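Each reported figure results from applying straightforward, stated rules to the coordinates on display, with no laboratory input. None of the values given here were measured: they were computed from a predicted structure. Every residue, glycine among them, receives a Cβ derived from its backbone with ideal geometry; neighbour counts consider all protein chains shown.
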Ligand code: G1P
Ligand code: ZN
C-alpha cells in the first residue's frame with residue numbers, strides 16, 4: 001500500500017468541547033480540516049501495530065465522505081482492522097457497545113449529537129477509548145495540542161471508494177475493513193438486560209407506544225427492537241428513516257424540538273407511552289399520556305425501580321449525576337444506602353466511576369441517562385428501562401411519577417437556555433456573577449437567602465484529576481438552587497444555561513406548574529445576572 005504524507009498547517013479552532021469537535025459542515029469540508037484532526041487523534045493515542053478501531057456515525061450529511069477519509073488514514077497509521085457500521089452508521093451507544101464487545105483499542109464516532117445536520121448544519125467527531133467512553137480530558141487536551149503543531153498527515157494513496165453497504169471483510173492495503181451490522185450487537189445487549197417477555201406481554205395487551213426517531217440514527221434500532229423483537233405495531237415508530245439532514249428538523253428530544261411527538265402524547269386518544277431520541281441516539285425523552293417526565297426525575301425513578309429489571313436486580317453500586325442535574329437521585333441513593341456522586345457536565349466524567357465499580361447508573365438533566373452496560377448515555381436503553389418498569393408495575397407513567405414524588409418529595413426543576421448570544425455578553429454575565437459572590441452572600445431576595453455561591457470544581461475520586469470552572473452555583477437556605485453555565489457544545493456564538501431547582505416535600509402541591517413554582521427564582525436569576533440588559537434577550541430560546 002502506498003502511503004502519502006501530506007504537508008499541512010494547523011487550524012486554530014480544533015479544541016474538543018463537551019463531546020468532541022463540533023463545527024459547521026462548511027468548516028469540516030475545508031481541505032485538510034478533518035484530516036488534521038484525525039491525525040491529531042492518532043498522534044495522541046500511541047496506536048499499537050495492528051490495533052482495532054470502531055468507526056461509525058449518525059448518518060448526517062458528510063458522514064460517508066468522512067468515513068472514506070478516516071478509513072484511508074487508519075490504514076496509513078498502522079491499524080490492523082476497522083469495524084465500521086453498515087452504511088457508515090453506528091449510534092453513539094452502539095459504538096460504545098461494539099468497542100467493549102470486540103475489545104478494540106478505541107473508536108471514532110461521527111456526530112454532532114442533537115445539533116441540526118445537512119449542508120448548512122453541524123458535523124462532529126469524537127474519539128472514544130477502549131472502555132467505550134469519551135476520551136478523558138488528558139487525551140482531548142493532547143489532541144488539541146497536537147492539532148496546534150501538526151505539519152503533516154498520513155493517508156493511503158488509494159483512489160477507490162471502500163464499499164460500506166455489504167456486511168463482510170475487505171482489504172485496504174494491509175488493513176481489514178469489517179463492515180458490521182450496526183444494530184445486532186446492541187439489540188442483543190438490550191435483550192440481556194431487560195425483561196423482553198414482560199414488555200412483549202404489555203404491548204400485546206393493548207398498551208400503545210410511540211417512539212420518535214426524529215429522522216436520525218435510532219430509526220433502524222427502534223424498528224428492530226420495538227417492532228421485530230417486542231411486537232409493537234409498525235406505526236409505533238415514527239420518523240424512522242434516517243436522513244442526512246434529519247428531514248430539516250432539530251433532532252433534540254425535548255418539548256420544543258420533538259413537538260410532533262408531544263402533540264400526539266398530549267392529543268385526543270393519546271398512546272400510553274411516548275419517547276424520542278436524538279441525532280446519535282444517546283439522549284431520551286420520556287412522556288406519558290399528557291405527561292412529561294423530567295430527565296432528573298427519570299434518573300431517580302429508574303434508580304428507585306431498578307430491582308424490577310433483570311440486569312439490575314442485584315442492586316446498584318452507586319449513582320452519579322452531573323452537577324446541574326436535580327438532587328432527586330440523591331434522595332433515592334440515601335434510601336438505597338448507596339453513594340451518589342456529583343460530577344461536572346459531560347459524560348466523560350462518569351467513565352472513571354463506572355470503570356472503578358463505584359456507580360451503576362448515571363444521568364444528566366439534558367435528557368441523558370445510562371448505566372455501566374456501555375460508557376455512553378443511551379437513549380433506547382432508557383426507553384426500555386421505562387417499558388420494563390411499566391410492564392412489571394402495571395401502572396401508567398404518571399402514576400409511577402406521582403408515587404415517586406409522594407415517597408421522596410419533588411425536586412421542581414427547569415432549565416432555561418439562551419442560545420446564540422454574543423460571546424462577550426455571555427462572558428460578561430459569568431464575570432459579573434463571580435464579582436458578586438461576596439455581595440450575594442449578604443443579600444435577601446424576598447423569602448430567599450443565599451447560603452453559598454461558588455464556581456463548581458471537581459476532583460475525580462479515581463484518578464485525582466481536577467476540573468475547575470464548571471458552573472456558577474448559588475444555593476439558598478431552603479435548598480433551592482440556581483446554576484449558571486456556558487455550554488461547551490454550541491457552534492454559534494455562546495449559549496448560556498440557567499438551571500433552576502427547588503424542593504417541594506408536600507405532595508399536596510403536586511399540580512404545580514414548574515415555571516410557576518420557580519417564578520421567583522427565575523426573576524432572581526435574571527436580576528443578579530443582568531442577563532436581559534446584557535444580551536438584549538427578553539426570554540429564553542428553549543425552556544425544558
Ligand atoms: C450539553 C448538555 C450536557 C451533555 C452534552 C452532550 O452540553 O448540557 O449535559 O453532556 O450536551 O450531550 P453543553 O452544551 O451544556 O456543554
Ligand atoms: Zn447525542
Checklist entry - Alpha carbon centre of the stretch 307-374 versus the stretch 126-163: separation in Å? => result 30
Checklist entry - For the stretch 417-502, what class follows from the C-alpha gyration tensor (a ≥ b ≥ c being the square roots of its eigenvalues): rounded when a/c is under 1.5, otherwise prolate if a/b is larger than b/c, else oblate? => result oblate
Checklist outcome for this item: Each label sits 7 Å from Cα toward the beta-carbon; between residue 266 and residue 513 the label points are separated, in nm, by 1.0
Checklist outcome for this item: A chain fully extended from residue 447 to residue 463 at 0.36 nm per residue, minus the present Cα-Cα distance, gains in nm 1.6 nm
Checklist outcome for this item: Helix 519-529 sits off the longest principal axis of the Cα atoms of the chain, rounded to the nearest 10 on a 0 to 90 degree scale, by 60
Item to check | FRET efficiency estimate (nearest 0.05) - Cβ-Cβ, residue 24 to residue 424, R0 30 angstrom | outcome: 0.90
Checklist outcome for this item: So for R0 = 56 Å, FRET eff. of residue 68-residue 533 from the Cβ-Cβ r, to 0.05, ends up at 0.70
Item to check | Helix-derived mean residue ellipticity, 222 nm - over the chain, DSSP H n ≥ 4, -39500 (n - 2.57), to 500 | outcome: -9500 deg cm²/dmol
Checklist entry - So what's the gap between the Cα centers of the stretch 404-447 and the stretch 383-399, to the nearest angstrom? => result 34
Checklist outcome for this item: At q = 0.10, 0.16 1/Å the base-10 log of I(q)/I(0) from the Debye formula over the alpha-carbon atoms of the stretch 199-348 is -0.40, -1.00
Item to check | the stretch 50-110 shape via C-alpha gyration tensor axes, a/c threshold 1.5 | outcome: oblate
Checklist entry - How high is the relative contact order of the chain, in percent, with contacts defined as C-alpha pairs under 8 Å that are six or more residues apart? => result 13
Checklist entry - What is the packing order of peptides 9-20, 348-359, 107-118, 277-288, taking the mean over residues of other C-beta atoms within 10 Å and listing the highest first? => result 277-288, 107-118, 348-359, 9-20
Checklist entry - P(r) of the stretch 1-86 in 10 Å steps, Cα pairs, percent per bin? => result 14, 50, 34, 2
Checklist entry - Which order results if 84, 397, 3 are arranged by neighbouring Cβ count within 10 Å, fewest first? => result 3, 397, 84
Checklist entry - What do you get when you divide the Cα radius of gyration of the chain by 2.2 N^0.38 Å, with N the number of residues? => result 0.95
Checklist outcome for this item: Stretched fully, the stretch from residue 145 through residue 259 gains (0.36 nm per residue minus C-alpha distance, one decimal, in nm) 36.9 nm
Checklist entry - For the pair residue 15 and residue 523, how long in nm is the line joining their label points, each one 7 Å along Cα→Cβ? => result 3.8
Next on the checklist: To make sure I understand, if each residue's beta carbon is the centre and we count other beta carbons within 10 Å, what order do 544, 459, 256 fall in, fewest to most?
Outcome noted: 459, 256, 544
Next on the checklist: Explain nothing, just the number: relative contact order of the stretch 106-179, from Cα pairs under 8 Å at least 6 residues apart, as a whole percent.
Outcome noted: 18
Item to check | Pairwise centroid distance, computed over Cα atoms, of the stretch 24-51 with the stretch 67-116, Å | outcome: 13
Checklist outcome for this item: Helix 63-76: inclination vs the chain longest Cα principal axis, degrees, rounded to 10, gives 50
Checklist outcome for this item: Within the chain, the percent of DSSP beta bridges that are antiparallel, given to the nearest 5, stands at 70
Item to check | 325, 343 arranged by Cβ crowding within 10 Å, fewest neighbours leading | outcome: 343, 325
Checklist entry - Using the beta-carbon distance between residue 50 and residue 342 and R0 = 35 Å, what value does 1/(1 + (r/R0)^6) give for FRET efficiency, to the nearest 0.05? => result 0.30
Checklist outcome for this item: For the chain, longest principal axis from Cα atoms; helix 137-149 axis from its Cα atoms; angle between them, nearest 10 degrees, is 50
Item to check | Contact order normalised by residue count of the stretch 231-282, Cα under 8 Å, 6+ apart, percent | outcome: 30
